[in-house]
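The values are calculated or read from the model by the stated rules, or taken from the named source; none is laboratory data. Treat the numbers as computed from the prediction; the structure is a model and nothing was measured. Neighbour counts run over all protein chains shown; Cβ positions are idealised from the backbone, glycine included.
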Amino acid sequence: MKQSVKDIQQKLGLSDEDVAKPLPKPTQWSEPFWEAAREHRLVLRRCDVCGTYQHPPYPSCEVCYGEEFSWVEAAGRATLFAYTVNHSSVPYPFLADLPYVTAIVELTEGVRMISNIVECDHDALRNGMELEVVFADVSEEWTLPQWKPVSE
Ligand code: ZN
């Protein structure tokens, strides 16, 4: 049975700060990714010189060292590359979410992203399974792209 954050706080004597989830800290290169996520859009940065997609964004292209990029809409589809189902031993802010899935997904554009798999039976998880993006509004300011199995 899932415990609520309040139950966990009371049981372990934790403050509100102890159970506050960390939020993204965008860089000058990743800010557009988070702005789009807020609008429930998934975007990727693509090199204007050689067309390589990059995630997370770096100052230059890792293939051609180009420094000109465009932000483009991603298909929002991926396959499961690797995952773990967390059952215990996670930082305090995530205790109430147990069990949950942390994963690396490979987008159709070829880049990999660390995220969570949601809305799924954990026993049905398989590397290579087809996924689609969903957006979790975790606060008024922040939205996290997550992934779920493709609806049949
Ligand atoms: Zn390039």
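Yes or no, residue by residue, for (1) among the basic types (Lys, Arg); (2) assigned to a strand (DSSP E or B); (3) within 20 Å of the chain's Cα centre (by Cα):
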| residue | (1), (2), (3) |
| --- | --- |
| Lys6 | yes, no, no |
| Ser15 | no, no, no |
| Thr84 | no, yes, yes |
| Asp123 | no, no, no |
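Out of Val49, Val72, one residue alone is part of a loop (DSSP other than H, G, I, E, B), under 19 Å from Glu109 (Cβ atoms), at pLDDT 95 or above and of a type in the set (Val, Ile, Thr). It is Val49.
Kindly provide the set of residues from region 74-91 that are surrounded by 14 or more Cβ atoms within 10 Å (Cβ to Cβ) and at positive phi, ordered by number. Give the derivation first.
Going through region 74-91, the residues surrounded by 14 or more Cβ atoms within 10 Å (Cβ to Cβ) turn out to be 74, 76-81, 83, 85-86, 90.
Residue satisfying the conditions is Gly76 alone.
Would you mind stating whether Leu23 is under 14 Å from the mean Cα position of the chain (by Cα) and either within 30 Å of Asn127 (Cα to Cα) or part of a loop (DSSP other than H, G, I, E, B) (or both)? Yes: the conditions hold for Leu23.
Per the listing Leu80, Leu44, the residue uniquely within 16 Å of the ligand (Cβ to nearest atom), within 18 Å of the chain's Cα centre (by Cα) and not in a loop (DSSP other than H, G, I, E, B) is Leu44.
Does Ser115 satisfy the criteria of being in a strand (DSSP E or B) and under 15 Å from the mean Cα position of the chain (by Cα)?
Numbers: in a strand (DSSP E or B): yes; under 15 Å from the mean Cα position of the chain (by Cα): yes.
Criteria met by Ser115.
Within region 57-73, the set of residues being surrounded by 15 or more Cβ atoms within 10 Å (Cβ to Cβ) and more than 10 Å from the ligand (Cβ to nearest atom) comprises Pro57, Trp71. Identify all residues within region 92-106 that are assigned to a strand (DSSP E or B) and either surrounded by fewer than 16 Cβ atoms within 10 Å (Cβ to Cβ) or acidic (Asp, Glu) (or both); write none if there are none. Across region 92-106, the qualifying residues are Thr102, Ile104, Glu106. Among (1) assigned to a loop (DSSP other than H, G, I, E, B); (2) acidic (Asp, Glu); (3) modelled with pLDDT of 95 or more; (4) under 27 Å from Asp7 (Cβ atoms), there is one condition Glu109 misses while meeting the rest; what is its number? Of (1) assigned to a loop (DSSP other than H, G, I, E, B); (2) acidic (Asp, Glu); (3) modelled with pLDDT of 95 or more; (4) under 27 Å from Asp7 (Cβ atoms), only one is false for Glu109: (4).
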